């Protein structure tokens with residue numbers, strides 16, 4: 001398992017996801033207030049972050065995405081970029097320093113085929129999907145990595161997530177930390 | 001002399017397994033030639049059938065053993081210098097330590113070491129540089145109520161010897177505590193539940209020398225919270241040093257497991273220390289660290305090993321040993337199927353035999369204890385404490401010697417005045433605050449008049465209530481209407497200062513009523529917001545922009561039609577939520593004032609914080625409001641709305657008491673009980689919270705203390721239990737007793753059951 005140059009090049013071209021605001025309108029400010037209020041009912045940051053994927057089931061998001069888009073569908077769905085963006089909002093609100101980041105995950109072709117079909121049906125970009133290595137947005141808090149979609153800490157390259165094995169990870173503007181071949 | 005035979009106890013292997021099978025597998029992996037004997041007290045202990053065992057030893061169930069005979073058998077087992085005993089059941093370990101003392105070939109800690117690690121594990125936490133969860137050993141109803149109210153995630157009810165249950169209410173906690181006492185014997189205490197990841201620190205030691213240790217972070221747990229899979233890692237050098245010092249200080253022998261919670265920020269909290277290896281210990285062996293092997297003389301591999309990532313359990317079936325057979329299906333007294341249990345051999349019976357005694361070292365870690373002053377705090381260290389927070393109510397009671405009829409209610413207007421003054425002092429630095437008197441909570445005419453005279457505003461949930469308030473002297477121009485049916489009974493015209501609609505349907509109905517000629521004079525059109533995480537039938541939920549838009553549209557329209565400002569109201573009883581949860585709920589719910597402000601076009605003129613405050617929480621009111629101002633909507637910080645507080649029972653509970661007489665007394669199990677001439681109808685809150693009780697000694701009223709006795713109401717209802725866990729040693733037939741803190745719902749919700757009268761009010 002490793003991050004080859006093709007996957008690295010593909011992933012490096014994917015921007016970190018930021019939810020946008022409709023200029024001159026209150027819709028996105030209002031939606032952001034409602035969304036943040038959903039999580040701030042929880043008393044501690046860990047619970048707030050854990051509530052993100054429980055509230056917004058992981059699934060396709062069409063980018064660029066606006067805050068007011070999130071509350072539109074009957075079933076609340078969001079991808080890892082939204083999850084990481086929301087986690088970042090809550091961490092800032094709690095005064096916790098952190099950085100956005102990205103991971104490359106060896107997920108396996110069987111899983112990738114399902115995600116490819118689902119993202120295409122939703123007319124969402126599948127640029128995050130390689131043949132078996134996928135791009136995943138994460139957050140770094142101190143020297144630990146937080147997966148906002150799986151709501152769990154992970155140690156970095158080599159860590160096992162439900163989605164697969166982390167083969168590489170980097171801060172948004174940092175260098176890749178690669179899985180040791182040993 | 002090398003150990004050639006080892007006897008391991010605790011062989012049950014079910015969803016909640018004992019450690020025996022895992023230990024046998026680890027020892028077999030280290031020493032294929034070792035003779036391993038599985039010992040247990042029931043053939044229903046499934047691990048006895050595992051082929052890893054060379055032999056099995058069956059003892060009678062724990063409820064059948066003869067203590068001296070069992071100790072003799074245990075001593076005989078280890079009489080052979082090549083045989084060691086590895087006990088794995090907590091109570092068994094303690095019983096061996098007490099009965100046989102220290103022994104070279106009993107691979108378990110000594111009595112003195114066990115005394116150090118009693119729950120709550122404060123000594124362990126100190127030694128490891130960690131903390132414990134907050135705990136409370138005082139199991140009187142008042143203390144349990146207080147601790148539970150201040151534990152926003154719920155509490156654990158933990159037995160001295162075994163068992164832990166999670167509870168979310170005082171009733172649950174008390175019931176579970178009673179169960180633990182009954183099932184296991186010994187005492188119990190409360191610990192605050194902490195959200196986090198379950199971890200474990202397993203270690204092995206001989207004679208005070210730490211041999212090996214590893215750390216696990218549990219990945220999967222069973223519904224009972226038992227480990228199913230986890231990762232395995234080495235412990236830090238610092239933790240190794242601290243653990244080594246602790247093991248040396250207490251002279252630890254055998255295995256041990258420190259149960260830990262890792263918080264989201266990474267801190268470790270000690271839950272308890274188990275005096276034996278954990279049941280998952282073979283998972284560590286499979287990952288590369290065979291701790292059990294070290295206590296039979298094999299060298300530790302620490303420092304020279306690369307651990308695998310972890311372990312997981314799987315379920316597989318094995319054949320039953322013919323010589324043991326399979327006990328038949330155990331029929332119970334009901335039609336429920338008896339599930340596999342961790343204690344098929346009757347371990348609970350051992351607990352009930354009270355073979356283990358000792359002093360309790362620490363009483364409470366509850367930081368709020370000293371702040372919540374009671375009239376009897378000087379008796380906090382007494383082994384038998386006063387029954388409940390009395391607020392010194394007995395000082396106001398009159399002498400019963402005049403022969404006044406019982407049961408009767410005594411009213412203390414000065415108490416209401418004092419509570420209001422104290423609350424005002426708390427809120428002195430807040431501008432624009434109104435204190436409302438909840439009429440439904442305390443509709444006593446005399447107390448209503450006092451509240452009106454003190455300048456409180458009336459808060460009513462019906463127009464009948466509002467009438468009562470006006471009759472008592474409240475200013476209608478400053479009255480507040482709340483609840484889902486505030487316009488009942490129907491009137492052509494209503495005057496109030498503010499109302500808070502409970503639903504969108506109510507706002508829409510009000511529009512129609514106004515269209516039909518209803519005349520409403522109000523300064524504030526308000527809405528009650530639904531709580532965010534508490535299930536409630538009340539309030540308007542607003543999760544999506546279209547819901548905000550609809551509410552804002554209705555409020556704006558009504559404000560224009562009535563020439564009024566708008567307001568927002570949060571209410572969920574603080575006495576139920578506790579201060580920490582209340583703050584969170586209030587801040588989260590009222591946060592919707594910001595998007596509503598944007599839609600309505602102006603900030604709220606009134607923010608109502610609701611009521612139902614616990615009488616003990618008066619010193620926390622200001623702090624709670626400050627929290628909501630800080631973390632709630634920006635309009636609270638940037639604007640200057642009028643703040644309304646509906647303290648309810650906080651100000652009225654101390655203003656009444658009920659005096660009763662003992663009709664009859666009788667013995668009951670270990671205590672006694674009396675029937676009094678008051679009943680649940682006179683004291684309806686008795687089902688939900690403890691009341692302080694005082695006894696007339698002939699010269700004064702004296703507070704009763706906790707005990708094993710109970711006071712029953714005179715009615716024929718099974719639920720007519722007024723007070724439990726009270727000491728009635730000096731109480732006899734004809735004595736006068738008094739219940740305090742009866743000035744709230746005990747007053748407004750009382751009913752005349754058992755007096756030959758129908759309830760009044762309905763015509």
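The values are calculated or read from the model by the stated rules, or taken from the named source; none is laboratory data. Keep in mind the model is a prediction, meaning the values are calculated, not measured. When we count neighbours, we look across all protein chains shown, and the Cβ atoms used for this are built from the backbone with ideal geometry, even at glycine.
Of the residues that sit in the stretch B:571-601 and are at the interface with chain A (Cβ under 10 Å from one of its Cβ atoms) and in a loop (DSSP other than H, G, I, E, B), which one is farthest from residue B:541 (Cα to Cα)?
Checking each candidate, the answer is B:591.
Just one of the numbered conditions (1) buried (at least 20 other Cβ atoms within 10 Å of the Cβ); (2) free of Cβ contacts under 8 Å to residues at least 60 places away in the same chain is not true of residue A:79; which one?
(2)
Kindly indicate whether any position in the stretch A:94-103 is free of Cβ contacts under 8 Å to residues at least 40 places away in the same chain, at negative phi and either part of a strand (DSSP E or B) or in contact with a strand residue (DSSP E or B) (Cβ under 6 Å, 6 or more places away or on another chain) (or both).
No, the stretch A:94-103 contains no residue that is free of Cβ contacts under 8 Å to residues at least 40 places away in the same chain, at negative phi and either part of a strand (DSSP E or B) or in contact with a strand residue (DSSP E or B) (Cβ under 6 Å, 6 or more places away or on another chain) (or both).
For the stretch A:56-66, check the following and say yes or no: at least one residue is crowded, with 20+ Cβ neighbours inside 10 Å, modelled with pLDDT of 95 or more and more than 16 Å from residue B:546 (Cβ to Cβ).
Yes; the residues of the stretch A:56-66 include at least one that is crowded, with 20+ Cβ neighbours inside 10 Å, modelled with pLDDT of 95 or more and more than 16 Å from residue B:546 (Cβ to Cβ).
Tell me, yes or no, whether the stretch A:33-51 has at least one residue that is crowded, with 18+ Cβ neighbours inside 10 Å, within 11 Å of chain B (Cβ to nearest Cβ), closer than 26 Å to residue B:267 by Cα and touching a strand residue (DSSP E or B) at 6+ places or on another chain (Cβ under 8 Å).
yes
So, of the residues in the stretch B:471-496 that are surrounded by fewer than 18 Cβ atoms within 10 Å (Cβ to Cβ) and within 16 Å of residue B:522 (Cα to Cα), which turns out to be nearest to the chain's Cα centre (by Cα)? Break it down stepwise before answering.
Here is the first cut: in the stretch B:471-496, the ones surrounded by fewer than 18 Cβ atoms within 10 Å (Cβ to Cβ) are B:471, B:473, B:475-478, B:484-485, B:488-493, B:495.
Next, only the ones that are within 16 Å of residue B:522 (Cα to Cα) stay: B:475-478, B:491-493, B:495.
Values: B:475: 42, B:476: 42, B:477: 43, B:478: 39, B:491: 46, B:492: 49, B:493: 48, B:495: 44 Å.
Filtering first and then ranking leaves B:478.
Please determine whether any residue of the stretch B:186-194 is under 14 Å from the mean Cα position of the chain (by Cα) and in a helix (DSSP H, G or I).
No, the stretch B:186-194 contains no residue that is under 14 Å from the mean Cα position of the chain (by Cα) and in a helix (DSSP H, G or I).
Looking at (1) part of a loop (DSSP other than H, G, I, E, B); (2) surrounded by fewer than 19 Cβ atoms within 10 Å (Cβ to Cβ), which is the one condition that is false for residue B:175?
(1)
Of the numbered conditions (1) modelled with pLDDT under 95; (2) away from chain A (no Cβ under 14 Å), residue B:248 fails exactly one; give the number of that condition.
(1)
Can you pull out every residue in the stretch A:1-28 that is more than 17 Å from residue A:90 (Cβ to Cβ), touching a helix residue (DSSP H, G or I) at 6+ places or on another chain (Cβ under 7 Å) and either surrounded by 20 or more Cβ atoms within 10 Å (Cβ to Cβ) or within 9 Å of chain B (Cβ to nearest Cβ) (or both)?
A:26, A:27
Read through the list (1) at pLDDT 95 or above; (2) within 14 Å of chain B (Cβ to nearest Cβ), then give the number of the only condition that residue A:182 fails.
Residue A:182 satisfies every listed condition except (1).
For a quick check of your reading: which strands (runs of 3 or more DSSP E) sit entirely within the stretch B:24-135 and have at least 1 residues that are in contact with a helix residue (DSSP H, G or I) (Cβ under 8 Å, 6 or more places away or on another chain), surrounded by fewer than 22 Cβ atoms within 10 Å (Cβ to Cβ) and touching a residue at least 60 places away in the same chain (Cβ under 8 Å)?
B:55-58, B:83-86
Grab the strands (runs of 3 or more DSSP E) fully contained in the stretch B:658-717, keeping just those with 1 or more residues being more than 22 Å from residue B:142 (Cβ to Cβ) and under 27 Å from the mean Cα position of the chain (by Cα).
Values: elements: B:671-676, B:693-696, B:701-703, B:706-712.
Correct list: empty, since no element meets the threshold.
I'd like to check something: does the stretch B:717-727 contain any residue that is touching a strand residue (DSSP E or B) at 6+ places or on another chain (Cβ under 7 Å) and on the phi > 0 side of the Ramachandran plot? Please lay out each step first, then the result.
Pass one, the stretch B:717-727, residues touching a strand residue (DSSP E or B) at 6+ places or on another chain (Cβ under 7 Å): B:720-727.
Okay, now just the ones that are also on the phi > 0 side of the Ramachandran plot, so B:725.
Scanning the stretch B:717-727, I find at least one residue that is touching a strand residue (DSSP E or B) at 6+ places or on another chain (Cβ under 7 Å) and on the phi > 0 side of the Ramachandran plot, so the answer is yes.
Hey, among A:122, A:107, A:151, which residue is more than 22 Å from residue A:87 (Cα to Cα) and either under 14 Å from the mean Cα position of the chain (by Cα) or surrounded by fewer than 19 Cβ atoms within 10 Å (Cβ to Cβ) (or both)?
That would be A:122, the only listed residue that is more than 22 Å from residue A:87 (Cα to Cα) and either under 14 Å from the mean Cα position of the chain (by Cα) or surrounded by fewer than 19 Cβ atoms within 10 Å (Cβ to Cβ) (or both).
Output yes when any residue across the stretch B:723-741 is part of a loop (DSSP other than H, G, I, E, B) and under 23 Å from residue B:440 (Cα atoms), and no when none is.
yes
Condition first: over 37 Å from the mean Cα position of the chain (by Cα) and part of a helix (DSSP H, G or I). Now tell me which residues in the stretch B:447-470 satisfy that.
Within the stretch B:447-470, B:449, B:452, B:453, B:463, B:464, B:466, B:467, B:468, B:469, B:470 meet the criteria.
I'd like to verify a number: residues in the stretch B:602-651 that are free of Cβ contacts under 8 Å to residues at least 60 places away in the same chain and in a strand (DSSP E or B), how many?
3
Looking only at the stretch A:66-84, count how many residues are assigned to a helix (DSSP H, G or I) and either over 24 Å from residue B:197 (Cα atoms) or within 10 Å of another protein chain (Cβ to nearest Cβ) (or both).
Qualifying residue count for the region: 6.
If you go through the stretch A:126-173 one residue at a time, how many are closer than 21 Å to residue A:110 by Cβ, part of a loop (DSSP other than H, G, I, E, B) and within 13 Å of chain B (Cβ to nearest Cβ)?
Residues that pass the stated criteria total 4.
Just for helices (runs of 4 or more DSSP H) wholly inside the stretch A:1-65: which have at least 1 residues that are touching a residue at least 24 places away in the same chain (Cβ under 8 Å) and under 24 Å from residue B:594 (Cα atoms)?
A:27-40, A:45-55
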